[in-house]
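First the structure, in the form of structure tokens, and then the observations on it.
The values are calculated or read from the model by the stated rules, or taken from the named source; none is laboratory data. In this text, all values refer to a predicted model and were calculated from it rather than measured experimentally. No Cβ is skipped: glycine too gets one built from the backbone with ideal geometry, and neighbour counts run over all protein chains shown. Accessible surface is based on the protein model in full, side chains and every heavy atom, while ligands, DNA and RNA are left aside. Shrake-Rupley method; radii C 1.70, N 1.55, O 1.52, S 1.80 Å.
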Amino acid sequence: MDFSLDFTPDLVAVFLTLFVLEIVLGVDNVIFISILASKLPKEQQAKARNLGLTLAMVMRVVLVLFAGWIITLKEDVFFIGEMGFSWKDLILIAGGLFLVYKAVTEIHHKLEGAEEEHGGVGRKTITFGSVLIQILLLDLVFSLDSVITAVGMTESLIVIITVVVLSFGIMLFASRFIFAFVNKHPTVKMLALSFLLLIGVFLVAEGFEIKIDKAFIYGPMAFAIFVEALNLAYSARKAKREQKRQHAVQLRPQYADVDESVAVRTALSGGASGGSVGLSRKPVAGDTAPADDERAGLG
């Protein structure tokens, strides 16, 4: 590993590939952080998001600096039968199981209607420290995988660290909007939890040396996001049309206790007296009793 930097077409291609990879992993982190931070009081949610992402970036940079040691984690430390397990495999399996557990637990709470209330009676209190620890544990798994991938693509520490800092800067800016969007739409939140469950299973499989092309993971995820975007657009248009119908302009009656539809039906009827309303000192009244004050009749 070195800090030299020579601009070549290959280096630019590696930079762009790593940048896209870090953005994808960063979105996964932000979604998970958004779900965890939503359990905290509102005054602590922004702090949890920003601090969690900042510490995640620092952790990833530190792992890059220890890339030589990270590579040794790929060596098998014990065997079960003919299958060997390295420290990387164990971390991926543990992280994947943790992610599966958290996703299944959250989905269960949503389906059973057991929404967490801040300070609610009979519920385990969610503390700021516990949320932060869960964020860092999960990011350790994502960081380990991404650092090993990055080291395998280039030996330039400047490229790797620059990609990490730029991607996390974008995620830090976008985290507030992603957080608000995920928590505003329950269906999107459920979809995000399903994604986390899928990623957890993928990490466990990778820990057991079962290679799954990431295109089979992110392809269906992209299609599901597209379908959900269509559903949200349809719901928004439907709500706007219903709102327009509900707010149709209506004439305000001159007298609140008089049914003016009687006069309208009389004027439109085909009878002998239809089409005209005679002069009268009595108002055209409905079923209600006349008021005390005398009003002028129609016509």
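With the structure loaded, tell me whether residue 39 is under 24 Å from residue 196 (Cβ atoms), assigned to a loop (DSSP other than H, G, I, E, B) and of a type in the set (Lys, Arg) or whether it fails that test.
Details: under 24 Å from residue 196 (Cβ atoms): yes; assigned to a loop (DSSP other than H, G, I, E, B): yes; of a type in the set (Lys, Arg): yes.
So residue 39 fits the description; yes.
Name the residues in segment 96-115 that are modelled with pLDDT under 80 and either closer than 29 Å to residue 74 by Cβ or of a type in the set (Lys, Arg) (or both), would you? So that I can check it myself, show each step before the final result.
Looking only at segment 96-115, we keep the residues that are modelled with pLDDT under 80, and these are 110, 112-115.
Listed by number, the list holds a single entry, 110.
Can you tell which of 73, 21, 25, 63 is surrounded by 15 or more Cβ atoms within 10 Å (Cβ to Cβ), at pLDDT 80 or above and touching a helix residue (DSSP H, G or I) at 6+ places or on another chain (Cβ under 8 Å)? Please lay out each step first, then the result.
Details: 73 fails: at pLDDT 80 or above; 21 fails: at pLDDT 80 or above; 25 fails: at pLDDT 80 or above.
Of 73, 21, 25, 63, the one residue that is surrounded by 15 or more Cβ atoms within 10 Å (Cβ to Cβ), at pLDDT 80 or above and touching a helix residue (DSSP H, G or I) at 6+ places or on another chain (Cβ under 8 Å) is 63.
Could you identify the single residue in 197, 137, 166 that is closer than 22 Å to residue 45 by Cα and either modelled with pLDDT of 85 or more or open to solvent by 20 Å² or more (accessible area, probe 1.4 Å) (or both)? Please lay out each step first, then the result.
Values: 197 fails: closer than 22 Å to residue 45 by Cα; 166 fails: closer than 22 Å to residue 45 by Cα.
That would be 137, the only listed residue that is closer than 22 Å to residue 45 by Cα and either modelled with pLDDT of 85 or more or open to solvent by 20 Å² or more (accessible area, probe 1.4 Å) (or both).
Can you tell which of 173, 202, 179 is aromatic (Phe, Trp, Tyr), exposed (fewer than 15 other Cβ atoms within 10 Å of the Cβ) and closer than 17 Å to residue 25 by Cα? Walk me through it before giving the result.
On the way: 202 fails: exposed (fewer than 15 other Cβ atoms within 10 Å of the Cβ); 179 fails: exposed (fewer than 15 other Cβ atoms within 10 Å of the Cβ).
Selected residue: 173, the only one of 173, 202, 179 that is aromatic (Phe, Trp, Tyr), exposed (fewer than 15 other Cβ atoms within 10 Å of the Cβ) and closer than 17 Å to residue 25 by Cα.
Can we say residue 47 is loosely packed, with under 14 Cβ neighbours inside 10 Å and of a type in the set (Lys, Arg)? Walk me through it before giving the result.
Working: loosely packed, with under 14 Cβ neighbours inside 10 Å: yes; of a type in the set (Lys, Arg): yes.
So residue 47 passes the test.
Select from segment 8-36 the residues that are without any contact (Cβ under 8 Å) to a residue 40 or more places away in the chain and part of a helix (DSSP H, G or I) and list them in ascending order. Break it down stepwise before answering.
Going through segment 8-36, the residues without any contact (Cβ under 8 Å) to a residue 40 or more places away in the chain turn out to be 8-10, 12-13, 16, 20.
9, 10, 12, 13, 16, 20, listed by residue number.
Of the numbered conditions (1) outside any helix (DSSP H, G or I); (2) at pLDDT 80 or above, residue 118 satisfies every one except a single condition; which is it?
In the conditions (1) outside any helix (DSSP H, G or I); (2) at pLDDT 80 or above, residue 118 misses (2) alone.
Taking the stated definitions as given, is residue 87 free of Cβ contacts under 8 Å to residues at least 60 places away in the same chain and either over 17 Å from residue 139 (Cα atoms) or buried (at least 18 other Cβ atoms within 10 Å of the Cβ) (or both)?
Taking the combined requirement at face value, the residue does not satisfy it.
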